[in-house]
Structures are given as C-alpha cells and as structure tokens.
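Values in this text are rule-based calculations from the coordinates and carry no lab data. Small disclaimer: the values here were computed from a predicted structure and weren't measured. Every residue, glycine as well, gets a Cβ built from its backbone with ideal geometry; the counts of neighbours run over all protein chains shown.
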Amino acid sequence: MDLLEYQGKELFARHGLRVSSGKAVTTVDGAVEAAGEVGYPVVVKAQVLIGGRGKAGGVKLAADESEVRTHAQNILGMDIHGHTVRTLWIEHASDIATEYYASVLLDRSAKKPLVMFSVEGGVDIEQVAEESPEKLIRHHVDPLEGLSHEEAAGIATEGGADADVVEGVADALVALYEVWLQEDATLAEINPLIVTPEREVKALDAKVSLDGNALYRHPENQSLADSENEDPLERRAKEEGVQYVKLDGDIGILGNGAGLVMSTLDVVAQAGGSPANFLDAGGGSDAEKIKQAVELILANDAVKAVLFNIFGGITRGDEVARGLIAAFDDIGAGGKSIPFVVRLDGTNDVEGRRLLQEAALPNVHAAETMNEAAEMVVALAAGDSVGAQA
Ligand code: GDP
Ligand code: MN
C-alpha cells in the first residue's frame, strides 16, 4: 500500500524525523490559503503515487500568491506518468545546501533489514547504483538489535556525509528505521534528505509503502488507505474482506485460492480474453460470501461476462451454487443479462451442478474444464452464443 508524499511525511513526523510544515489541498483557492498559512516562499507539490514529479513539472517553487495560483492551476489535473493530480501539498520552501539519499527496506535474500545511504541524493538512485555503486552504502541491520545511533553514524561517515552533519544524518537514519519497523512499512525512502545552509538535516520527500496485511495492527493508519487515489471498488472489497483487484478487461473472474485465480486469468488471456478483475473468494466461502463477490464483480460496468472457476477443497461446490442462486434472486444478477460460465470441480461438485441445473438460471452456462470455461466466457463476452445452459 503506497502512501502519498504528505502521508509519508506525517509518519516521518510521528517518529521525530524533521519535515517542513505544510497542508494538503485540492483546489487553487485552497492552495493560496495554505501558502498564506505556512509562509512564503512555498513549494507546490503534486501528490501522486509515482516518482519523478519534479522532472514532470509537478513540483514548483512559489514566491508569492500569484505564483502559487499559477502553479496550482497548472499542476491540478496534470497527468504525471498516467496519474492524475487531485491533491497538492503546499509546504514552506527549504533552502538546500546538499541533497542526500536514505532508505530502509527488507532484504529478503539476506533476511535482514537493509539501510541504504548516499550523498548522491535528489537524483534517480537506480542510476547511482548502476553507474557508481560505491557511492551507495548498503548496510544490513541485525533485526533483533535494531539500528543503533553509533551504527547509523558509521553509515553516514562511510557514505561521505559532511562531518558536521554526521550526527544529524544518524538521527534521521534511526528515525527512518523506526518508521519502517514500527509502522510495518515495506519501504521507507527519503530522496532527497537535505542539509540546509543552517546545517539542519530534514526529509524533503517521502516514499513510504505500508504492508497492507499488517494494517490491522495500525488502526491510526487505516485512513491512509482510504486515500482518494484508491479504486472505489477495491476499497469496498477491502471493507467486505474480499481479495479483489480491479483490472482493465471485461471478463469478471471469481475463483477460490489465489493460485487458481491467477491461473484462471492466464487461461482467459490465452483464450484471447481480458480479465476485469482478480477475485479470490478464499477457502470455505459460504453462499453469502459468494453473493457478495458476485455483487462486487457486477458493480464494475465494464464486465460483459463472468467466469466462476471453483476447485472445491474446503470450499464446497453446493455452497458456491447456492451463493450464485441467491445473487440471482436478490440482486437480479441475471436481470443485467450478463452471462456466467461456471466450472465446478472437487468437493460437492455434483451437488452444486445439480442445484444450478434445478435453478435453471438464465444465462448461466456449465463448463467441464478450465480451458473450455475460458473459451466459453471469451465467446460470451464478445457477444457470441454458446451451447449448454447449466
Ligand atoms: P520527486 O521529483 O517526485 O522526487 O519530488 P521531490 O519531492 O523529490 O522534489 C523534486 C526536487 O524539487 C527536489 O529534488 C528538489 O531539488 C526540489 N525541491 C523540492 N522541494 C524543495 C524546496 O523546498 N526547496 C527547494 N529549493 N527545492 C525543492
Ligand atoms: Mn524525490
């Protein structure tokens, strides 16, 4: 779960990392008002979940009200690498003497947290890693010991930080490590970590990703997930506890087990179709959960046909059939005349197929195999008719 810059800075501040004060706004007037509050000069910054905003024209300094107005007007609605700007962060501008880089993430192969630091900040760090790897310090931390101030000072010194700010950089690294650890982040990155002419060390940018599966441990971070950038259907799925990811196509997919759903996406693509979503109904889904999932899939207007691919283990075929029947009864899933293809196999599959046959739902087709199901659903989405009603 990626956070916007200003949300990341909120977490930074919580752990004692220095950031500039600012305000998030969504209108030009709001930007002007915020600038007056934080004090000129200000920086007007596009809030999108993608880097390289500066180069794209999404970060601008403003000395007075008319400049804020111009920049806010230009940046709001701007498209930055496919992300539309809806929110601006207005912060008091900083004077920059030097730009460093710092990050903390988990190195899975080493099974340890990795702290990275470089005095070549403010630029694309991948480029530094490639062209002058010796300028990017990589330091593994003992997860049981944590990162001590002395250790962090060692990293700063080794990386070539100016001697008078080694302590300040060490404080920042320790705070960043705490952000990463305490907030269950998968990545905490600052680029640039600046040194001001007054030799203060602070975070000018923030890139934080939180582990969505650990979010339940952080009720105070729940609202960050509710950012305006999240897809409304994905948000609804999360609230309902359904594993749902929206995709670009027109074929709704429901399966049980992440692996099976992934394979289903593949066979649909192989059959020339384009999935509209990933939806894992999970193990042991009951009829109610299946009904909810159908509602979610159909709430996406792009869906032209739906594929149910169930391999019953803990999930019982009869429960899935009951869920689909309930969905047709309650929400008139059939009324939308969207065709369904159902492939039921495994636990209670015979019973499930019998229930579907008895219910004689309009537009529901049975398939024996996964490949057959994929071909049928692709044909149906394209408006072709297929045989065998369920
Ligand atoms: P990014 O391009 O998405 O990484 O956005 P950043 O927040 O890193 O900003 C890009 C660049 O704008 C920084 O590397 C700085 O050089 C510059 N910048 C951002 N904020 C300020 C500021 O307060 N003062 C000055 N002088 N430059 C800034
Ligand atoms: Mn940056």
Given the Cα-Cα distance of Gln73 and Asp107 and 0.36 nm per residue of separation, how much length would full extension add, in nm?
8.1 nm
State, to one decimal in nm, how far the label point of Gln182 lies from the label point of His218, with both points 7 Å from Cα in the Cβ direction.
1.1 nm
Please get the size of the charge dipole for the chain, origin at its Cα centre, with Cβ charges of +1 on Lys and Arg and -1 on Asp and Glu, quoted in debye to the nearest 20.
880 debye
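Find how much the distance from Glu158 to Glu65 grows on full extension, using 0.36 nm per residue of separation minus their present alpha carbon separation; answer in nm with one decimal.
On the way: separation 93, 0.36 × 93 = 33.48 nm, distance 4.33 nm.
Result: 29.1 nm gained on full extension.
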Given 0.36 nm per residue, what is the gain on full extension from Glu167 to Asp286 after removing their alpha carbon distance, in nm?
37.1 nm
Cα to Cα, under 19 Å, and not fewer than 8 places away if on the same chain: which lysines meet these conditions relative to Lys289?
Lys238, Lys246
Compute the distance in nm between two label points, each set 7 Å from the Cα along the Cα-to-Cβ direction, one at Ala359 and one at Asp329.
0.9 nm
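To the nearest 0.05, what FRET efficiency results for Glu37 and Ala269 with a Förster distance of 56 Å applied to their C-beta separation? Write out the running numbers ahead of the final one.
Numbers: r = 51 Å, r/R0 = 0.91.
Efficiency, from the Cβ-Cβ distance: 0.65.
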Separation of the Val386 and His92 label points, Cα + 7 Å toward Cβ, nm:
6.4 nm
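At 27 Å minimum axial length over the Cα atoms and a Kyte-Doolittle cut of 1.6, report the qualifying DSSP H helices in the chain, or say none.
On the way: long enough: none.
Answer set is empty.
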Taking the Cα centroid of the stretch 114-171 and of the stretch 241-274, what is the distance between the two, rounded to the nearest whole Å?
42 Å
